[in-house]
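The values are calculated or read from the model by the stated rules, or taken from the named source; none is laboratory data. Being a predicted model, the structure only gives us computed values, none of them experimental. So basically every Cβ, Gly included, is an ideal-geometry build from the backbone, and we count neighbours across all protein chains shown. To get the accessible areas, we keep the full protein, side chains included, count just its heavy atoms, and leave off ligands, DNA and RNA. Shrake-Rupley method; radii C 1.70, N 1.55, O 1.52, S 1.80 Å.
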Amino acid sequence: MKEPSLTEIKQRCEIPMNAKFLGWLIWNPLQDDFLWKYRETPNTLSKEWVIYPDMALKLKKYKKAVKLKDDLSLRGKASVVAAFDCHPEIRIGN
């Protein structure tokens, strides 16, 4: 799996070129929320979500974000998106 180009994401999503990359987020488009934290025990897997991308779990490596999404059984339910600081807001793109 090839990591998406941050420059191409910025161009496609009309995000300013000088926006700082914050990390990769796991986004649930059906609920329009972001993975905040998760906990796995031998018997359970719990996931908590937030509506604000600035509070979401941020991963620096794209491959790690995709692996986590798959490990948490979110394949087909969630997407990995890039988050950018566009002061005063955080914008996402894929």
- prompt: Quick check, is Trp36 open to solvent by 50 Å² or more (accessible area, probe 1.4 Å), under 25 Å from Thr7 (Cα atoms) and in contact with a helix residue (DSSP H, G or I) (Cβ under 9 Å, 6 or more places away or on another chain)?
  reply: no
- request: With respect to Leu22, determine if the residue is assigned to a helix (DSSP H, G or I) and at pLDDT 95 or above.
  value: no
task: Go through the residues of the stretch 30-50 one by one and say whether even a single one is over 12 Å from the mean Cα position of the chain (by Cα), modelled with pLDDT of 95 or more and within 16 Å of Asp85 (Cβ to Cβ).
output: no
message: Just to be sure before I move on: is Lys64 modelled with pLDDT of 95 or more, among the basic types (Lys, Arg) and not in a strand (DSSP E or B) in the structure I sent?
response: yes
task: Could you check how many residues of the stretch 23-33 are in contact (Cβ under 8 Å) with a residue 60 or more places away in the chain and either open to solvent by 30 Å² or more (accessible area, probe 1.4 Å) or in contact with an Asp or Glu (Cβ under 6 Å, 6 or more places away or on another chain) (or both)?
output: 1
message: So, Lys10, is that one surrounded by 11 or more Cβ atoms within 10 Å (Cβ to Cβ), basic (Lys, Arg) and in a helix (DSSP H, G or I) or not?
response: yes
task: Tell me which residues, restricted to the stretch 39-52, are under 21 Å from Pro88 (Cα atoms) and open to solvent by 100 Å² or more (accessible area, probe 1.4 Å).
output: Ile51, Tyr52
message: Being surrounded by fewer than 18 Cβ atoms within 10 Å (Cβ to Cβ) and touching a residue at least 24 places away in the same chain (Cβ under 8 Å) is the filter here; which residues of the stretch 80-89 pass it?
response: Asp85, Cys86
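Any idea which of Lys69, Lys20, Lys77, Lys60 is under 11 Å from the mean Cα position of the chain (by Cα), open to solvent by 90 Å² or more (accessible area, probe 1.4 Å) and touching a residue at least 12 places away in the same chain (Cβ under 8 Å)? Spell out the reasoning first.
Working: Lys69 fails: open to solvent by 90 Å² or more (accessible area, probe 1.4 Å); Lys20 fails: under 11 Å from the mean Cα position of the chain (by Cα); Lys77 fails: under 11 Å from the mean Cα position of the chain (by Cα).
Exactly one of Lys69, Lys20, Lys77, Lys60 is under 11 Å from the mean Cα position of the chain (by Cα), open to solvent by 90 Å² or more (accessible area, probe 1.4 Å) and touching a residue at least 12 places away in the same chain (Cβ under 8 Å), namely Lys60.
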